[in-house]
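J.: A single structure is presented below for examination.
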Amino acid sequence: MKQELIFEAPRRGLPPRHFADLDDDAQAAAVKELGLPGFRAKQLANQYFGRLIADPQQMTDLPAAVRGQVAEALFPELLSVVRAIQCDAGETRKTLWRAGDGTTFESVLMRYPERSTVCISSQAGCGMACPFCATGQGGLTRNLSTAEILEQVRAASATMRDEFGGQERSDSGKLSRGRLSNVVFMGMGEPLANYNRVLAVVRRIIAPAPHGFGISARSVTVSTVGLAPAIRKLADERLGVTLALSLHAPDDELRDTLVPVNNRWKVGEALDAARYYADVTGRRVSIEYALIRDVNDQPWRADMLGRKLHAALGPLVHVNLIPLNPTPGSKWDASPKPVEREFVQRVRDRGVSCTVRDTRGQEIAAACGQLAAEG
Ligand code: SAH
């Protein structure tokens, strides 16, 4: 089965305007349109990004008389929780969301001793058709709006604060127990195929309150199949976020099938773009490599991977091996541990740092590539 790649999502179906869709100027203009004084815009931003409140009825510094009007015009309820499930003793939590038009998508919150990470979706479904990924099998439903993406971050931040810390977020940017520290665009969708909205989201995630959630740029990871021109564009934004490139094969022959976008931008072009990203931002690029038994786990491919990465990126690269998470109906499986260990060693022997990612959430279908919205 050959699926067509979709770079431009259908324009239909984006939700009504939300405060979080707007940049600072547009927020000020929207507040003015409602006949409210200008300072209310900053108040609303502080409630949303600082206090993590999206319901104007709970915004106690807003006069009760205008809350209904503000809610209707600027805070439509965008998402509802269809299902929330946990594993790893509550340290991993997957949420299935439903948007106003019935579209569903997922996010996953993972707590570790030193950090907490939310894995968010940038599209409902995905148009990139990678055959080993559950999301890729269903095709693309639509882009998510800026606010729909930000809502996933706000909800995760609120969970961290309310359930795992009892501490208010502080504006000082210090990491506290009850604070969300990392955001990765590794849920459903190809973030760089929803470029403008994802960019607006990233700006809001890293801006200090009241303009944003105040998460450090280096703790935000944008993961891509390798849309080379968009990688360069993102580099030029100079945001300092971490780039992850989903390589999965060092050679074009195999990558053409594992990551079909390789038919448009080859391994060499993706690595050149990654190099550009590293040069412009000074940040080390992550290479994602889902290790698949007897498909891409051969010793010679490990050698080739290490060699090519070392040549293209020198010390500015780190390889994340992801043991393949089996997805329903897939013929593929993870590599045996000894094969995995040899792969890691061979990549390291070429002078490239390499670790194996822990696979959280497998039993609740919340691990990499398992996100699919069954409803
Ligand atoms: N579209 C973006 C984000 C996708 S998900 C991208 O491709 O980078 C994040 C990572 O999970 C990607 O590297 C993706 O290839 C990987 N992945 C997808 N399905 C997987 C599976 N079944 N097992 C392990 N990793 C998988």
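The values are calculated or read from the model by the stated rules, or taken from the named source; none is laboratory data. Quantities reported herein were computed from a predicted structural model and do not represent experimental measurements. Here the Cβ is made from the backbone with ideal geometry for all residues, glycine too, and neighbour counts use every protein chain on show. Accessible surface areas use protein heavy atoms only, side chains included; no ligands, DNA or RNA. Shrake-Rupley method; radii C 1.70, N 1.55, O 1.52, S 1.80 Å.
J.: Pull the list of the chain cysteines that no other Cys approaches to under 4.7 Å, Cβ to Cβ.
T.: CYS87, CYS119, CYS126, CYS354, CYS368
J.: Ignoring ligands, DNA and RNA, what percent of the accessible area of the chain is carbon or sulfur (1.4 Å)?
T.: Carbon with sulfur: 49 percent of the solvent-accessible area.
J.: Right, next: Taking every pair of Cα atoms in region 17-74, average 1/r, invert it to obtain the Kirkwood radius, and report Rg/Rh to two decimals.
T.: Reported Rg/Rh (Cα atoms, Kirkwood Rh): 0.90.
J.: Under 17 Å Cα to Cα from LYS32, which aspartates and glutamates show up? Leave out anything in the same chain fewer than 8 places away.
T.: Partners within reach: ASP21, ASP23, ASP24, GLU72.
J.: Please turn the phi angles of region 45-53 into ³J(HN,Hα) values with the Karplus equation 6.51 cos²θ - 1.76 cosθ + 1.60 (θ = phi - 60°), one per residue in order, whole Hz, x for glycine and proline.
T.: Coupling constants for region 45-53: 4, 5, 5, 6, 7, x, 9, 6, 9 Hz.
J.: How large is log10 of I(q)/I(0) for the chain at q = 0.07, 0.09, 0.14 Å⁻¹ when the intensity is taken from the Debye formula with one equal scatterer per alpha-carbon?
T.: At q = 0.07, 0.09, 0.14 Å⁻¹ the computed log10 ratios are -0.31, -0.51, -1.20.
J.: Just the number please: accessible area per residue for the chain, 1.4 Å probe, all protein chains included, in Å².
T.: In whole numbers, the chain has 42 Å² accessible per residue.
J.: Do any chymotrypsin sites (Phe, Trp or Tyr not before Pro) in region 93-154 lie in a loop, going by DSSP, with at most 13 other beta-carbon atoms within 10 Å of their beta carbon, and if so which? Before the final figure, lay out the partial values.
T.: Details: sites: TRP97, PHE105, PHE132; in loops: PHE132.
Nothing satisfies the criteria.
J.: Under 8 Å for C-alpha pairs, at least 6 residues apart: give me the relative contact order for the chain, rounded to a whole percent.
T.: On the way: 755 pairs, mean separation 57.3, N = 375.
So the answer I get is 15 percent.
J.: Which of LYS308/LYS337; LYS233/LYS337; LYS94/LYS331; LYS94/LYS266; LYS233/LYS308 have a Cα-Cα distance over 27 Å?
T.: LYS233/LYS337; LYS94/LYS266
J.: Under 11 Å from the 7 Å Cα→Cβ point of ASP24, by amide nitrogen: which residues of region 212-241?
T.: 212
J.: Give, rounded to the nearest 20 debye, the magnitude of the charge dipole that the chain has about its Cα centre when Lys and Arg contribute +1 at Cβ and Asp and Glu contribute -1 at Cβ. Spell out each step's value before the answer.
T.: On the way: 47 positive and 43 negative charges, 121 e Å.
Charge dipole, the chain, about its Cα centre: 580 debye, nearest 20.
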